[in-house]
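Reading through the structure tokens given below for one structure.
The values are calculated or read from the model by the stated rules, or taken from the named source; none is laboratory data. From a predicted model like this one, the values you see are computed outputs, not experimental measurements. Methodologically, a virtual Cβ is constructed for each residue, glycine included, from the backbone with ideal geometry; neighbour enumeration extends over all protein chains shown. These accessible areas exclude ligands, DNA and RNA; they are computed on the full protein's heavy atoms, side chains included. Shrake-Rupley method; radii C 1.70, N 1.55, O 1.52, S 1.80 Å.
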Amino acid sequence: MAPPKDVVKIAVQMVGAIPQLIELQQSKPLAAVLKDICDAWSLPNAERYALQHADGRQTYITESNRGEIKNGSILWLTTSPDQEAEGLYIGIQSNNLGVKSDSLKRLADLSQDVTFAQEFINRNGLKQIFSIVEEGNDTGEILAHTLKAFMELMEHDFVSWETLSAAFIKKIVSYVNMNVMDASVQQLSLSILENMVPSSRVLFELVRKEVTVDRLLTHLQVTNTQLQLKAMALLIALLLAAADAERRDMMDYLRERNIRQFIHKNIIHSSEPLGDEMAHYLYVLQSISLNLHERRMRTPMDPYSQEQRELLQSLRQTAFESESETPASNFSTERRRSLCAKEFRKLGFVNNSNPAQDLYRAPPGLLALDNMVYFSRHTPNAYSRFVLENSSREDKHECPFARSSIQLTLILCEILHVGEPCSETAQAFYPMFFGQDHFFEELFCICIQLVNKTWKEMRATQEDFDKVLQVVREQITRTLSLKPTSLELFKTRVNVLNYSEILKLRQTERLHQEETLAVPVLELRERLKPELLGLIRQQRLLRLCEGTLFRKISSRRRQDKLWYCRLSPNHKVLHYGDVEEGVHSPPIESLPEKIPVADMKALLVGKECPHTKEKSSGKQNKDVLELAFSIVYDVEEYCLNFVAPTRYEFCLWTDGLNMLLGKEMTSERTQTDLDVLLSMELKLRLLDLENISIPDTPPPVPKPPSNLNFCYDFSHAEQ
């Protein structure tokens, strides 16, 4: 007979005692359960004890979380959190350095538990930690344990960061600014400051004032990758918390200090592999830098602005006035206006009498004008060649420089996501971005010359303008997908990918599509699908068995904490648990938490997930919504929440989990993989039919021949 739903069979252990196997009634008060357990071991004062999970993070059992206890769970009988908190509160004040160090280390471990953290904070324990730091008598290991405990306690959000004393903050800042200091202390100090920065404007200004950008750049130059990572994290936190003007000033200063070249040489191309966290910070730095163009991109031209009119006139003067024998100032006003209009038409402005109208559209707004001026000033020969070459062509075949520049600027803004908020999880950055100052402008200079080259290759007329820019967009995106490491390499590759190459690629894709649309081929596809879907299912389950490293993300900041989840080889249990940085494939035995596949009830994705509902709404969380999924399990319908590191991993995990739930694979990756496998299999099957056209309908069956009379008539033989 099955036990009642509110009864779970568990084991309770205690050091030096024989374990107890008990049936825990969930409706029974926890104090009464503890009393029974203590009585069985003849232990007085049951209120001094508590139950704790033996595996994983060893969380204390409370009335609020006791529902997480499953059949077969192993619990420890241990000192209650209030007794532990009291003992450690006294221990960290000890004059014996050994006792003090051990107490602080134990405190750092236990502070991960919310119940213990609440008890310790209620005893004014944080004040004692503040005094250890402020007095400054301890260094090395004791100080590292103190800061680690402080970080863990603050993680629970019981206390606001704004309550920190000035003396404590000053001490943390001093650890960061010291030339000689224990690396672990500096890492923790940088993490503390990183958490302080987004908490309030006052703390941001304090940290920005006390920890200079130069000091952070010094930390970025060390060989210790963890210290380098924490310094980059604080730098990014400062940039994200800054107002627009402050962020612009900081980025200008970073450019003066050649941070891009340093990152390109010492981080991207270092001997150490680039971690996910650093890749994310480089993506954010790239995004912040590109978003500095947003203000100009969204600002239309003001025809009454003297500065903007002068920039516009400089384009005309650079292209034509050096060619003119007679200065334009010698002509009458009417003649000068007519001459200017003619020259603006040659420059490719649609409204040649009032070229400012072409720049009223925002985006790209004034950013297009900035790019044109940059091109004319930094590559004057290429600029003059572009304009004069097209001036001498027939009217129908000239490539309009200004119109092309405006549209190209818009295309680059869309491809590089200028003006879009930073993603919380993305890691996709362009290595060549960090190898070049004025990246956006230099990329424009390469691409505007590509427009002219492609225009000539296509023998385009004004009616073909949109087609040319569509080809140019394809050339740029295809080349960027190769992740060139420098702009020079980008220039080489994008020029090799000329119009004829684009046509070949398009034709190959079109032929492939046409081949696969023939009726016999479609029938063959349908026959092959079940077998290939079976291969995809097998791959998804193998991937779940290998497991994936997930990050814990809060609404406050990217967390350093990692956890790993993998499926057992027999596909019956999901194993998961916290892991340390640098652990890539932990053995299944080291993952203490388990969810039987039989207990899984449903899979939630996106907005349906409970952890996305908890997070604050906003555009910055869009990427989290796209990567979030949750498993609903057990009778009580608990949830295990995930945020996948990439969209690819999201697709693999949601497909695999849907299969375990007996459902169809629904991700876009399933269709992509199926198309690739079908394409390969069809090519192999149709190899003997190469260059032979496949008819849409089968050939007709011919009529039987007239001499078809060799069939023996048994009826005559019987007579």
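Side notes on the structure shown:
- Count of residues meeting criterion [in a loop (DSSP other than H, G, I, E, B), open to solvent by less than 40 Å² (accessible area, probe 1.4 Å) and among the charged types (D, E, K, R)] in the stretch 146-160: 0
- PHE375 vs. criteria open to solvent by less than 60 Å² (accessible area, probe 1.4 Å), in contact with a Cys (Cβ under 6 Å, 6 or more places away or on another chain) and not hydroxyl-bearing (Ser, Thr, Tyr): yes
- Qualifying residue in the stretch 80-94 (condition: modelled with pLDDT under 90 and touching a Leu at 6+ places or on another chain (Cβ under 9 Å)): no
- Pick from the stretch 461-490, criterion touching a Pro at 6+ places or on another chain (Cβ under 9 Å) and open to solvent by 40 Å² or more (accessible area, probe 1.4 Å), ranking: nearest to ARG403 (Cα to Cα): GLN462
- Among the residues listed as VAL468, VAL494, the single one being closer than 25 Å to HIS293 by Cα and aliphatic (A, V, I, L, M): VAL494
- Exactly one residue among ALA40, ALA50, ALA31, ALA46 is more than 22 Å from LEU110 (Cβ to Cβ) and of a type in the set (Gly, Ala, Ser), and that residue is ALA40.
- Residue in the stretch 193-205 that is open to solvent by less than 20 Å² (accessible area, probe 1.4 Å), over 19 Å from LEU227 (Cα atoms), among the aromatic types (Phe, Trp, Tyr) and in the same structural domain as ILE129 (by the TED database) present: yes
- Selection status of ASP82, over 29 Å from GLU162 (Cβ atoms), acidic (Asp, Glu) and assigned to a helix (DSSP H, G or I): no
Rundown of residues vs (1) small (Gly, Ala, Ser); (2) touching a strand residue (DSSP E or B) at 6+ places or on another chain (Cβ under 9 Å); (3) open to solvent by 30 Å² or more (accessible area, probe 1.4 Å), yes/no style:
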residue: HIS53; (1), (2), (3): no, yes, yes
residue: ASN65; (1), (2), (3): no, no, no
residue: TRP76; (1), (2), (3): no, yes, yes
residue: PRO81; (1), (2), (3): no, yes, no
residue: VAL99; (1), (2), (3): no, no, yes
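- Between LYS683, LYS703, LYS663, the distinction of being open to solvent by 100 Å² or more (accessible area, probe 1.4 Å), at pLDDT 75 or above and assigned to a helix (DSSP H, G or I) belongs to LYS683 only.
- Filter result (at pLDDT below 75 and either among the β-branched types (Val, Ile, Thr) or under 15 Å from GLY656 (Cβ atoms) (or both)) within the stretch 522-568: ILE553
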